[in-house]
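Engineer: Quick one: structure below, then a few questions.
Rule-based calculations on the coordinates, nothing more; no lab input. Quick caveat: nothing in here was measured; it's all calculated off a predicted structure. Heads up, the Cβs are rebuilt from the backbone with ideal geometry, glycines too, and the neighbour counts pull from every protein chain shown.
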Ligand SMILES: Nc1nc2c(c(=O)[nH]1)N[C@H]1C(S)=C(S)[C@@H](COP(=O)(O)OP(=O)(O)OC[C@H]3O[C@@H](n4cnc5c(=O)[nH]c(N)nc54)[C@H](O)[C@@H]3O)O[C@H]1N2
Ligand SMILES: Nc1nc2c(c(=O)[nH]1)N[C@H]1C(S)=C(S)[C@@H](COP(=O)(O)OP(=O)(O)OC[C@H]3O[C@@H](n4cnc5c(=O)[nH]c(N)nc54)[C@H](O)[C@@H]3O)O[C@H]1N2
Ligand code: SF4
Ligand SMILES: [Mo]
């Protein structure tokens, strides 16, 4: 049966390909990015990196022939302190990638087969505007959803709101840090945001609970961690895997997966029973201490040992170490925290432990961040939508503060619902590699009546599009000003270092053109995005000229000191105005007011828990085709404990297929890496590989996609995060045909 939407592997169509007259791709071959070309003779243009969302400010260096030769971190930027991570340095590969999307494409049927044909921008934009308008007229503008991640999302969410929909969603919430934000908001009245306001450089004890800094290359944090180690600070790493951070730690706690809450409660028990907590902070600034103390009384290290496999003595020693360092001690809140569905509660336990250490607003703990408020370029008020993502949730996930991307998939499948989603704009997110339960994605993609994808690469998501709009890379465009919270408020400019290759265009241009076609020109009252930047910078007392020279600009703090002054009583944005160790809000909504440990299923016989994470030289699925970064690592391996390897007679480098608990077999094989660094009950792989699109000539067919194996999604009932670590895999040594 032919489906509404065949997945088109943009292959053999000859549609990508960078050929610009006689110009060959600069630097792609025969040059190492890690060489040192003479940058002093080059022109430099400010930018901020888009290879991940740490957004390091940088300079693109361009030679006399107009070729971008190198990207170097901005010395004054606290996100990078002049040093990009390997991915940022290799960001040039995003620009030079020979497989880039180069022209708009429209899905057509030829001889009964669906394919893409090249289209002009006018054709493509006319078609997108027409289809969006039709959907809007038939089902209301609210039925159009935006899936976004990264800078393009800013421009498209403005367009979406101007159309009358607030249904925009990014995987950085329900697939990433949502539970942490809710856990901290419930406890301290404040979310962590990005970058997290952690005073790592001055801390004396850093506790990492599955935060694998060093592989998770969030630049400023990794640098500060290195500094604190140099200054003699201690790290305690809780990770079932011997991570890079574990190798730098005073204590590595190889916890049994899915049992962290028990360890956290035992640590709380020790701090309270041994009176190691910050009594003054707790008395003045928290509510619910007595209930907490009562709650954890039985949760001794001995109790936790039986659950976590961490010895009682080690639990006590580590609790004492953090207490001795407090308030210059941090339990890192983590970032990708959607693990087991009880993630908001785990994040609450982390927040509570931090509160007991009295590190809020203290040097070496949490500082008070501040960011520059960049004014919105004037536009008419947005129309008021009749419904939005909250109606889609229908009371589910009561503490969700942002939309839940996967519920948009459900709302697309549920076509008859009054809150059905019918049209998708996808800008900068590779959904089938990002949202767990690919079957659900497939079904939703079939039901969607129209899909437009805005991307730089022919990633898998483009195979589902009706129209593909090729965006130029961050090195070829202006974008909104970066204004992230930090110790001092900063703004950073991104400007092009080169003309867009091929027919590619920036998202701001696409949205303006679509706005024009949708009768929304009032929302886009500028000929060029530089007018927006010029206006905004003028309001801030700067100018585009100045920013082109500076790249980043620092402003004085207005919100007060970086740390809590001793003579002032802090106020917390919670219902009680205090840190809520006991949460009446959660209780009222029917959830545990203080976190509890509940057991999770363990792998059945012959299966191993699928664990996954980051590699320092890659970001999700977006960099696996990057020529420079693929040079450093071009496939993922499945890490297997020697005991398991021996049981299965597996050898290093041997290819196996994986099968999960629901019978899903990986499309591709993956090579075995035998290592003591992983527990015997788990296997590990780096996320982002296993591409099935042939047009990704570098990444095609290499490794396995962890997402394909994640079909058991453990929803967080509090806020809707998609717990992904409850999946188990076994090995298939011969391919099943
Ligand atoms: N299985 C599994 N799933 C996960 C995770 C995991 O570890 N394992 N991690 C989760 C986390 S923490 C997060 S934050 C999300 C990340 O999820 P995503 O951000 O969706 O990750 P990517 O796979 O990198 O997809 C990014 C897409 O943006 C495109 N792109 C890159 N640059 C640009 C640009 O300048 N403009 C446009 N228009 N497009 C661009 C890329 O080509 C790619 O198609 O994934 C989540 N999902
Ligand atoms: N190089 C690189 N850096 C990145 C990214 C990238 O793509 N590449 N992405 C960025 C983004 S968006 C995010 S959200 C972060 C994610 O990075 P983090 O938030 O640091 O980490 P996670 O991906 O959640 O966790 C991976 C670690 O958790 C461990 N783990 C698995 N199960 C358990 C368990 O039950 N308990 C404990 N304690 N540990 C467990 C794994 O062994 C692994 O070491 O990384 C960011 N930094
Ligand atoms: S941490 Fe690396 S990839 Fe992320 S923004 Fe900074 S340089 Fe770019
Ligand atoms: Mo993330």
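Engineer: Run the helix sum for the chain: -39,500 (n - 2.57) per DSSP H stretch of 4+ residues, divided by residue count, reported at 222 nm to the nearest 500 deg cm²/dmol.
Structural biologist: Theoretical 222 nm ellipticity from helices: -8000 deg cm²/dmol.
Engineer: Angle, helix 438-447 long axis vs. longest principal axis of the chain, Cα atoms, 0 to 90°, nearest 10?
Structural biologist: Its long axis makes an angle of about 40 degrees.
Engineer: Go from 0 up to the bin containing the longest alpha carbon distance in region 547-629, width 10 Å each, and give me the % of pairs per bin.
Structural biologist: Calculated over all Cα pairs of region 547-629, the distribution is 11, 15, 16, 29, 22, 7, 0 percent.
Engineer: Turning to a different aspect of this structure: What is the distance in Å between the Cα centroid of region 160-222 and that of region 336-390?
Structural biologist: Taking the Cα centre of each part, region 160-222 and region 336-390 sit 7 Å apart.
Engineer: Treat the chain as a sphere of radius equal to its Kirkwood radius over Cα pairs and apply Stokes-Einstein at 25 °C in a medium of 0.890 mPa s; give the translational diffusion coefficient in µm²/s, rounded to a whole number.
Structural biologist: The diffusion coefficient I find is 92 µm²/s.
Engineer: Turning to a different aspect of this structure: Given R₀ = 30 Å, what would the calculated FRET efficiency be for residue 410 paired with residue 4, taking r from the Cβ atoms and rounding to 0.05?
Structural biologist: According to the calculation, E is roughly 0.95.
Engineer: Please report, in whole Å, how far the alpha carbons of region 608-732 spread along each principal axis, starting with the longest.
Structural biologist: 42, 36, 26
Engineer: Length gain on complete extension for the stretch residue 274 to residue 631, per 0.36 nm per residue less the alpha carbon to alpha carbon distance?
Structural biologist: Extra length available between residue 274 and residue 631 comes to 123.3 nm.
Engineer: Between the alpha-carbon centers of region 398-414 and region 573-617, tell me the distance in whole angstrom.
Structural biologist: The two parts, judged by their Cα centres, are 20 Å apart.
Engineer: Rank-order 490-501, 616-627, 122-133 by packing density, defined as the average count of other C-beta atoms within 10 Å over each peptide's residues, highest first.
Structural biologist: Top of the packing list down: 616-627, 490-501, 122-133.
Engineer: Normalised by the number of residues in the chain, what is the relative contact order in percent for Cα pairs under 8 Å and 6+ residues apart?
Structural biologist: Computed value for the chain: 19 percent relative contact order.
Engineer: If each residue of separation counts as 0.36 nm, what is the full-extension length gain between residue 231 and residue 596 once their alpha-carbon separation is subtracted?
Structural biologist: 127.8 nm
Engineer: Taking 7 Å along the Cα-to-C-beta vector as the label spot, tell me the residue 569-residue 546 distance in nanometres, rounded to one decimal.
Structural biologist: The two pseudo-label positions are separated by 4.1 nm.
Engineer: Pairing the Cα long axis of helix 151-163 with the longest principal axis of the chain, what angle in degrees results, from 0 to 90 and rounded to the nearest 10?
Structural biologist: Approximately 70 degrees, to the nearest 10.
Engineer: Treating region 286-435 as a set of equal point scatterers at the Cα positions, no solvent, please give the Debye-formula log₁₀ I(q)/I(0) at q = 0.16 Å⁻¹.
Structural biologist: Debye intensities relative to I(0), on a log10 scale: -1.10.
Engineer: Separation of region 113-159 and region 235-296 by C-alpha centroid, Å?
Structural biologist: The two parts, judged by their Cα centres, are 48 Å apart.
Engineer: Still on this structure, please answer the following. What is the mean projected area of the alpha carbon convex hull for region 192-231, to one decimal in square nanometres?
Structural biologist: Average projection, Cα convex hull of region 192-231: 2.8 nm².
Engineer: Give me the tail of P(r) for region 222-290 as a percent: Cα-Cα pairs with distance above 13 Å.
Structural biologist: Counting pairs separated by more than 13 Å, the tail of P(r) holds 73 percent.
Engineer: For 457, 714, which order do you get if you count the other beta carbons within 10 Å of each Cβ and list the fewest first?
Structural biologist: 714, 457
Engineer: If I fit a long axis through the Cα atoms of helix 219-230 and take the longest principal axis of the Cα atoms of the chain, what angle between them do I get, 0 to 90°, rounded to 10?
Structural biologist: 30
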